[in-house]
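Enquirer: Mind looking over this structure? Questions follow.
The values are calculated or read from the model by the stated rules, or taken from the named source; none is laboratory data. Predicted model only: the values in this text are computed from it and were never measured. Note that we place each Cβ from the backbone using ideal geometry, even for glycine, and neighbour counts take in every protein chain shown. Note: areas computed on protein heavy atoms with side chains; ligands, DNA, RNA excluded. Shrake-Rupley method; radii C 1.70, N 1.55, O 1.52, S 1.80 Å.
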Amino acid sequence: MHPIRKKRLTIVLFLLVGLAIAVGLTTYALRQNINLFYDPTQISAGEAPVDVRIRAGGMVEEGSVLRDPDSLMVEFKVTDFNASVPVQYTGILPDLFAEGQGVVAMGRLDENGRFVADQVLAKHDENYMPPEVADALEKASKGQHKASGSAETVSY
Amino acid sequence: MWQFFHKLGSPKWFFGIAARLMPWLLAGGILLLMAGIVWGLAFAPKDYLQGNSYRIIFIHVPTAFLAQSVYVMMAVAAVVTLVWRMKLADVFVKSVAPVGLVLTFLSLFTGAVWGKPTWGTWWVWDARLTSMLILLFLYGGVIALDRAINDEKSAARAVSVLVLVGVVNIPIIQYSVEWWNTLHQPSTFKLTEKPSMPAEMWVPLLLSVLGLYLLFGWLACLRMQTEILLREQRARWVKDYVLAGRG
């Protein structure tokens, strides 16, 4: 290769490496701001600020959804299978909201460690399957080992 | 190898090659894209959770995929411009930037349309969506910077530097869903693993991605040909070509 071109190529490579390092360090320093939500482990460890608008995300715990019969108020627990946080929400839930599904809720944490949400978004995972396959899978898992819990394989 | 590389620098040579390639790219692209979209939208099974609304994936994923890989191709061309001063690389960057802009916009738009019924919102400022929006602005910036500088050579250098600076955004888009908590789900398609959907869903998706690649190739050739004719308008072969009545 021509020496001038070699020199230019070196400059270009230095530019790229330098930039990658700069951006890498910046995003690393800002990682908590880039994270869209706090997970239940962080909230129960006290990492999330109280009475500030934040987002909390995780799975809706099986059997934890309680609907108020007279209003749109719903209470449920959000879990990451490590810790769980009670959430209270008044409003219309998205179609995909269900027990065992991922959600991201926006709201404030009160002093009692309860999360009062004003918006609940459903989080979809990367798995797609036809309804028949889903039915067959459910039947198979119910028939074999109900107690062992297939929840670990579900990502949120 | 080096001879081929140097030949590629000749606009006239490329013009001829592109003319021969284009019918194949167009026919293959339309065929694959139609097959993928018709199969995906009409015949693929619906999703157990989202029902039919998931079908937007057959448009969303190909456009998002192309939007990123077009930028990577532009970055490679930018290195060639800076190091070898090859005219054709600059022609490529200038010709495909608007195509990339449209693809990025389409992927953001289809994502928003899907997000409303699925997530419950059009837009969230999570890492994936935001970095994709930055890609849209990068494409816009590349086009604007190129238009702002009249001198062809200085425009080529300035644009190349901007394209290279922006390329750090590509791994951020790619890995945003793994590095940070985002609302956007991780990729269904991975290069190293089996896709997390059954074959009757991912085959049409793959077909439409490949089809869009070929169509992009056709469009890039067409736009590059136009740009070459414009830049080389004083060259003898261009005059002969136009006077031959094929222009």
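Enquirer: So residue B:72 ticks every box in (1) within 30 Å of residue B:197 (Cβ to Cβ); (2) away from every other protein chain (no Cβ under 11 Å); (3) open to solvent by less than 10 Å² (accessible area, probe 1.4 Å) but one. Which box is left unticked?
Expert: Against the list (1) within 30 Å of residue B:197 (Cβ to Cβ); (2) away from every other protein chain (no Cβ under 11 Å); (3) open to solvent by less than 10 Å² (accessible area, probe 1.4 Å), residue B:72 comes up short only on (3).
Enquirer: Identify, by number, the condition in (1) away from every other protein chain (no Cβ under 14 Å); (2) outside any helix (DSSP H, G or I); (3) over 30 Å from residue A:13 (Cα atoms) that residue B:240 doesn't meet.
Expert: The failed condition is (2).
Enquirer: Determine the pairs where a residue that is more than 12 Å from residue B:203 (Cα to Cα) and within 11 Å of chain A (Cβ to nearest Cβ), located within the range B:36-58, has a partner that is open to solvent by 20 Å² or more (accessible area, probe 1.4 Å) and in a loop (DSSP other than H, G, I, E, B) with Cβ atoms under 6 Å apart, the partner being 6 or more residues away or on another chain.
Expert: B:48/A:129
Enquirer: May I ask you to list the residues in the range B:78-90 that are within 19 Å of residue B:226 (Cα to Cα) and either modelled with pLDDT of 95 or more or not in a helix (DSSP H, G or I) (or both)?
Expert: Once the filter is applied, which keeps residues that are within 19 Å of residue B:226 (Cα to Cα) and either modelled with pLDDT of 95 or more or not in a helix (DSSP H, G or I) (or both), the range B:78-90 yields only B:86.
Enquirer: Across the range A:36-67, which residue is surrounded by the most Cβ atoms within 10 Å (Cβ to Cβ) among those that are within 12 Å of another protein chain (Cβ to nearest Cβ) and part of a loop (DSSP other than H, G, I, E, B)?
Expert: A:37
Enquirer: Ok, one more. Kindly indicate whether residue B:216 is more than 19 Å from residue B:43 (Cβ to Cβ), more than 10 Å from chain A (Cβ to nearest Cβ) and among the aromatic types (Phe, Trp, Tyr).
Expert: It is true that residue B:216 is more than 19 Å from residue B:43 (Cβ to Cβ), more than 10 Å from chain A (Cβ to nearest Cβ) and among the aromatic types (Phe, Trp, Tyr).
Enquirer: Among the residues of the range B:223-240, what is the count of those that are of a type in the set (Phe, Trp, Tyr) and free of Cβ contacts under 8 Å to residues at least 12 places away in the same chain?
Expert: The number of residues fulfilling the criteria is 0.
Enquirer: Here is a follow-up. If residue B:150 passes every condition in (1) under 21 Å from residue A:16 (Cα atoms); (2) in a loop (DSSP other than H, G, I, E, B) but one, which one does it miss?
Expert: (1)
Enquirer: Need the failing condition index for residue A:5 against (1) within 9 Å of chain B (Cβ to nearest Cβ); (2) touching a residue at least 60 places away in the same chain (Cβ under 8 Å); (3) not aliphatic (A, V, I, L, M), just the number.
Expert: Every condition holds for residue A:5 apart from (2).
Enquirer: Something else: If a residue must be open to solvent by less than 40 Å² (accessible area, probe 1.4 Å) and either out of contact with any Phe, Trp or Tyr (no Cβ under 9 Å at 6 or more places or on another chain) or among the charged types (D, E, K, R) (or both), how many such residues does the range A:116-132 contain?
Expert: 3
Enquirer: Now for a separate question. Just one of (1) out of contact with any Lys or Arg (no Cβ under 9 Å at 6 or more places or on another chain); (2) of a type in the set (A, V, I, L, M); (3) under 26 Å from residue B:123 (Cβ atoms); (4) at the interface with chain B (Cβ under 9 Å from one of its Cβ atoms) trips up residue A:22, so point out which.
Expert: (3)
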